[in-house]
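Novice: I have a structure here, written as structure tokens, and I will follow up with some questions on it.
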């Protein structure tokens, strides 16, 4: 007798949640989901649209939460037609959002009091990487629970790593996004150097990604920089912003020197202040180019 796939609930089917839900549907999992608006793509992919978080929680065996911040999470958990009043013992919650470690631990404790288990899963990868099943999952929580959830995790991506207790996954995610920040600024610096050395921008992006200087961020962001394709944004500044703050706080609490991250962060903060929040972070090259222009103008002025 074939055991039916567990019903997967998905609250938060936006830029990141939608490709996760689509991967689950393609793997054969029945998925019921909720989002306040723009649910057409989810329904078109084969998802069943629910009309409240509570409806999703009641229908699902395993509930995935993919919300942008702690405030949105609290509203879904405890608001009208919220999750906490609808969960029953034996269900599993997979927390995909990036929040403070203390917030996650408190959430896990609340769920445990209702005999509901929680797995912390941080997604490292842009929405296109998630769609192509190339993202990585950083996982915190009970290892045996992870094994029970493996079919669902594998439907999302083959790359998952158990790191320890609840809170360990968010720590690794912040480390990863510190590298995203540094590597994106480094890619912008390299692209600007290449163009000013007389090369076509597309040629720089093509050649460097095949050599020792390549990085994941160069491969993803350099073509966007060359094409000046900053919108629609696969990874906007406004999404990265909270990781900048959380990463800086974690480094400070651990007493870690972060010379490159500390240098890079102000560029991204300046981009947000300049009204670029919804552009892709590859647009940081505009600040590097602007600084280069000012330097040339200053040298020309001194020469006169």
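The values are calculated or read from the model by the stated rules, or taken from the named source; none is laboratory data. All of these numbers come straight from a predicted model, not from anything done at the bench. Cβ: placed from backbone, ideal geometry, glycine included. Neighbour counts: every protein chain shown.
Novice: Give segment 187-210 a look and list any residue that's farther than 19 Å from residue 281 by Cα and not in a helix (DSSP H, G or I), or say none.
Specialist: Correct list: 197, 198, 199, 200, 210.
Novice: Sticking with this one: Among the residues of segment 230-259, write down those that are over 21 Å from the mean Cα position of the chain (by Cα) and either free of Cβ contacts under 8 Å to residues at least 60 places away in the same chain or in a helix (DSSP H, G or I) (or both).
Specialist: 252, 253, 254, 255, 256, 257, 259
Novice: Next question, about the same structure. Kindly check whether there is at least one residue in segment 137-158 that is more than 20 Å from residue 8 (Cα to Cα), surrounded by fewer than 20 Cβ atoms within 10 Å (Cβ to Cβ) and under 20 Å from the mean Cα position of the chain (by Cα).
Specialist: No - not one qualifying residue is present in segment 137-158.
Novice: Collect the residues in segment 205-219 that are surrounded by 14 or more Cβ atoms within 10 Å (Cβ to Cβ) and more than 16 Å from residue 192 (Cα to Cα), keeping them in residue-number order.
Specialist: Within segment 205-219, 215, 216 meet the criteria.
Novice: Let me ask something additional. Of the residues 5, 37, which is within 24 Å of the chain's Cα centre (by Cα) and at pLDDT below 95?
Specialist: 37
Novice: Taking the conditions exactly as written (under 18 Å from residue 109 (Cα atoms), free of Cβ contacts under 8 Å to residues at least 60 places away in the same chain, more than 23 Å from the chain's Cα centre (by Cα) and not in a helix (DSSP H, G or I)), does residue 82 satisfy them or not?
Specialist: Working: under 18 Å from residue 109 (Cα atoms): yes; free of Cβ contacts under 8 Å to residues at least 60 places away in the same chain: yes; more than 23 Å from the chain's Cα centre (by Cα): yes; not in a helix (DSSP H, G or I): yes.
Spelling it out, residue 82 is indeed under 18 Å from residue 109 (Cα atoms), free of Cβ contacts under 8 Å to residues at least 60 places away in the same chain, more than 23 Å from the chain's Cα centre (by Cα) and not in a helix (DSSP H, G or I).
Novice: On the given criteria, is residue 264 in contact with a helix residue (DSSP H, G or I) (Cβ under 6 Å, 6 or more places away or on another chain) and under 27 Å from residue 68 (Cβ atoms)?
Specialist: The answer is yes for residue 264.
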